[in-house]
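Asks: Before I ask anything, here is the structure I am working with.
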Amino acid sequence: MSTEKEQPIIHIDHLSKVFETAEHKVEALKDVTLDIMRGDIFGIIGMSGAGKSTLVRCLNFLEYPTEGDVIVEGRSLRDMAQKELRKQRTRMSMIFQSFNLQQQRNVLDNVCFPLLINKVPKKEAVKKAMSLLEEVGLSEKARNYPSQLSGGQQQRVAIARALANDPAILLCDEATSALDPNTTREILALLKKINENHGITIVIITHAMSVVTEICNKVAIIDSGSVAETGDVMEVFNNPRTEAAVRLVMSSGWREISSIRGDHLVRIVFSENSSREPVIANMILKFNQPVNIMRADTRDIGGIAKGQMVLQLPDDADMRKQMTDYLIEKGLAVNEVASMMEFEEKYDG
Amino acid sequence: MAEFFEEYGKLLAENTGITLYMVLVSTLIAYVIGIPMGIGLVVTAKDGLRPNRIIYGILDVIVNIVRSIPFLILLILIMPLTKMIVGKTYGASATVVPLVMAAAPFIARMVESSLLEVDHGVIEAAQSMGASNWTIVFKVMINEARTSLITGATIALATILGYSAMAGTVGGGGLGDVAIQYGYYRYQTGVMVATVVLLVGLVQLMQAAGMKLGKAMDHRLSR
């Protein structure tokens, strides 16, 4: 648990990035300020083009921000000379959507590479690399080449490579976006294990809310280059306050919801004190009125059962009001989906 | 047939040797010059590791100028320079000078395009590990581009072989010289055909060896 006094491991300080071409000026990031605490699994989520990839590249100064600074473990990256910056980068390694392994080196040599450029003796490097490959479950593939591995295996190699120099921070740039759902879950589970076993702070860039709810404890929502909302994942998931957050929270089922025909749809979100109680069944018994469950999706977030549902309530307006009040009273968040559809039309238009 | 070989066999063998000498020596020297130039072009390009408009501009102009001069003209144009370096303007060693001059910019472009093929993500990954530009060029880019570099070298060898035959027209030595001296001036079609067969054979040999080597060293997706 982080206390008020603890220093953030990464302090993003009024970061702005402007890309300038002869005629155009694109503000990719606008005054982004965020604190990431040691041990966090911090999700940075946004629609494509929101600026999240630029943000993660500014975190290790692969991309120089136009304004602002990044303070990592108390030290300003902007003040660092090139050589110092390169050394700092070994403290904060990175994995990518397309894995980015060297195709002409075998798995073992790929994992050894960051060690060798850090002047670790070859013998020691091989030993370390083998133990990391063991940890990611690929020690048998040490002599294989990346082209002989599946996407999930390649990402495991990339993770082993990223851990080689014992970094304090792991930056993940859409690391699961090229993978199928099962493999995604495996990779996320591996990241979680690494976070727990090595105490590494993980920053996850993604466009998928499911990734955030699966392993992150904190989240920042990036919308057109700015932070729209930030906080505990559960808070943001239950009560999205901004339009961008609403869109992302609903994103997995949002298309389906908008295609469900019928009136009186509500989205309800379960929170910790109500998920074990049969709220819907009790409500139906109490009001003696059927409700239609259009969509249901529950999952385990941070050890607590979480979920959302889309319900179709009866035609009777008075009955709907009573039911809504009942749900709110039971500690559920209730949003009318119809109004979100209107919002989507307005926003997407 | 036997008579032909008795009469010209020694001449052809000798000049095949001379041709190989010219081609291999000039390719080697041209690579020594061309590789740094190619790397320079990639590194100093606008989105390179260390953009530098001036250096890139100078390299680019040199390469373009030299490459746009036809080899035969370049050969004659730089004769004073050749004389300065080798002491004479005819013979195999003298031909090496214009060959290097013509081949180096060509090789620079080949190296440039090979290195540009390297996946930008792989370079970014190396940067994120704290690799220096030097490490990225020599440990990542050249290693990743090796198949393409070898294929390029094969093409360079065949091109330089062609140039060397052209140098024969002005007394450059080697198989091209033989073809001109015997085949053209003395109407000995047999000798001309023999030199052509030898040149074709040499190109085939280089091509096959280069491709085989390139493929053996390639660990990317097998097709």
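The values are calculated or read from the model by the stated rules, or taken from the named source; none is laboratory data. Treat the numbers as computed from the prediction; the structure is a model and nothing was measured. Neighbour counts run over all protein chains shown; Cβ positions are idealised from the backbone, glycine included.
Asks: Where in the range A:175-269 are the helices (runs of 4 or more DSSP H), entirely inside, with at least 3 residues that are modelled with pLDDT of 85 or more, in the same structural domain as residue A:58 (by TED's automatic domain parsing) and over 15 Å from the mean Cα position of the chain (by Cα)? Before you say what the answer is, go through the steps one by one.
Replies: Numbers: elements: A:181-198, A:209-215, A:233-238, A:243-249, A:251-259.
Of the helices (runs of 4 or more DSSP H) lying wholly inside the range A:175-269, those with at least 3 residues that are modelled with pLDDT of 85 or more, in the same structural domain as residue A:58 (by TED's automatic domain parsing) and over 15 Å from the mean Cα position of the chain (by Cα) span A:181-198.
Asks: Mind counting the residues in the range A:135-149 that are more than 13 Å from chain B (Cβ to nearest Cβ) and under 22 Å from residue B:217 (Cα atoms)?
Replies: Result for the range A:135-149: 2.
Asks: Something else: Would it be correct to say that residue A:125 is more than 10 Å from chain B (Cβ to nearest Cβ), modelled with pLDDT of 95 or more and either part of a loop (DSSP other than H, G, I, E, B) or buried (at least 16 other Cβ atoms within 10 Å of the Cβ) (or both)?
Replies: Considered against the rule, which asks whether it is more than 10 Å from chain B (Cβ to nearest Cβ), modelled with pLDDT of 95 or more and either part of a loop (DSSP other than H, G, I, E, B) or buried (at least 16 other Cβ atoms within 10 Å of the Cβ) (or both), residue A:125 comes out as yes.
Asks: When the range A:182-212 is examined, which residues are found to be free of Cβ contacts under 8 Å to residues at least 60 places away in the same chain and of a type in the set (A, V, I, L, M, F, W, C)?
Replies: Within the range A:182-212, A:187, A:188, A:189, A:190, A:194, A:200 qualify.
Asks: Just a yes or no: is a residue in the range A:145-156 assigned by TED's automatic domain parsing to the domain that holds residue A:43 and touching a residue at least 60 places away in the same chain (Cβ under 8 Å)?
Replies: Checked the range A:145-156: at least one residue is assigned by TED's automatic domain parsing to the domain that holds residue A:43 and touching a residue at least 60 places away in the same chain (Cβ under 8 Å).
Asks: Within the bounds of the range A:141-153, is there any residue that is surrounded by fewer than 23 Cβ atoms within 10 Å (Cβ to Cβ), of a type in the set (A, V, I, L, M), over 13 Å from the mean Cα position of the chain (by Cα) and farther than 23 Å from residue A:54 by Cβ? Quick ask: steps written out before the conclusion?
Replies: First pass over the range A:141-153, keeping only residues surrounded by fewer than 23 Cβ atoms within 10 Å (Cβ to Cβ): A:141-145, A:147-153.
In the following step, the residues that additionally are of a type in the set (A, V, I, L, M) were identified as A:142, A:149.
The next check asks that each one be over 13 Å from the mean Cα position of the chain (by Cα); those that pass are A:142, A:149.
Those left that are additionally farther than 23 Å from residue A:54 by Cβ: A:142, A:149.
For the range A:141-153, residues surrounded by fewer than 23 Cβ atoms within 10 Å (Cβ to Cβ), of a type in the set (A, V, I, L, M), over 13 Å from the mean Cα position of the chain (by Cα) and farther than 23 Å from residue A:54 by Cβ: present.
Asks: Here is a further query. Only one residue in B:192, B:211, B:166 is farther than 30 Å from residue A:161 by Cβ, among the hydrophobic types (A, V, I, L, M, F, W, C) and over 24 Å from the mean Cα position of the chain (by Cα), so which one is that?
Replies: B:192
Asks: Quick test of your reading of the structure: residue A:159 fulfils all but one of (1) surrounded by fewer than 19 Cβ atoms within 10 Å (Cβ to Cβ); (2) outside any loop (DSSP other than H, G, I, E, B); (3) more than 11 Å from chain B (Cβ to nearest Cβ). Name the failing condition by number.
Replies: If we test residue A:159 against (1) surrounded by fewer than 19 Cβ atoms within 10 Å (Cβ to Cβ); (2) outside any loop (DSSP other than H, G, I, E, B); (3) more than 11 Å from chain B (Cβ to nearest Cβ), just (1) comes out false.
Asks: In this structure, is residue A:111 buried (at least 24 other Cβ atoms within 10 Å of the Cβ) and in contact with a Pro (Cβ under 9 Å, 6 or more places away or on another chain)?
Replies: Working: buried (at least 24 other Cβ atoms within 10 Å of the Cβ): yes; in contact with a Pro (Cβ under 9 Å, 6 or more places away or on another chain): no.
No: the conditions fail for residue A:111.
Residue by residue, here is whether (1) in contact (Cβ under 8 Å) with a residue 12 or more places away in the chain; (2) more than 14 Å from chain A (Cβ to nearest Cβ); (3) exposed (fewer than 11 other Cβ atoms within 10 Å of the Cβ); (4) over 19 Å from residue B:165 (Cβ atoms) holds:
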position: B:180; (1), (2), (3), (4): yes, yes, no, no
position: B:193; (1), (2), (3), (4): no, yes, no, no
position: B:206; (1), (2), (3), (4): yes, yes, no, no
position: B:217; (1), (2), (3), (4): yes, no, no, yes
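Asks: Could you tell me how many of the residues in the range B:118-147 are in a loop (DSSP other than H, G, I, E, B) and under 20 Å from the mean Cα position of the chain (by Cα)?
Replies: Start the filter on the range B:118-147 by keeping residues that are in a loop (DSSP other than H, G, I, E, B), which leaves B:118-119, B:129-132, B:145.
Within this subset, residues satisfying the condition of being under 20 Å from the mean Cα position of the chain (by Cα) are B:145.
Selection size over the range B:118-147: 1.
Asks: Can I ask one more? Could you grab me the full set of residues in the range A:93-118 that are under 28 Å from residue A:226 (Cβ atoms), within 8 Å of another protein chain (Cβ to nearest Cβ) and outside any loop (DSSP other than H, G, I, E, B)?
Replies: A:93, A:94, A:96
Asks: Turning to a different aspect of this structure: Which of (1) farther than 20 Å from residue B:104 by Cβ; (2) within 14 Å of another protein chain (Cβ to nearest Cβ) is the odd one out, the single condition residue B:148 does not satisfy?
Replies: Here residue B:148 meets the rest and fails (1).
Asks: Also, I was wondering about something else. From the list B:148, B:132, B:128, which residue is of a type in the set (S, T, N, Q) and within 26 Å of residue B:202 (Cα to Cα)?
Replies: The unique qualifying residue is B:148.
Asks: Checking the conditions here, which among B:101, B:166 is in a helix (DSSP H, G or I), surrounded by fewer than 22 Cβ atoms within 10 Å (Cβ to Cβ) and more than 14 Å from chain A (Cβ to nearest Cβ)?
Replies: B:166 is the lone residue from the list that is in a helix (DSSP H, G or I), surrounded by fewer than 22 Cβ atoms within 10 Å (Cβ to Cβ) and more than 14 Å from chain A (Cβ to nearest Cβ).
Asks: To continue, here is another question. Quick one: which residue in A:47, A:94 is assigned by TED's automatic domain parsing to the domain that holds residue A:235, touching an Asp or Glu at 6+ places or on another chain (Cβ under 8 Å) and at pLDDT 95 or above?
Replies: A:94
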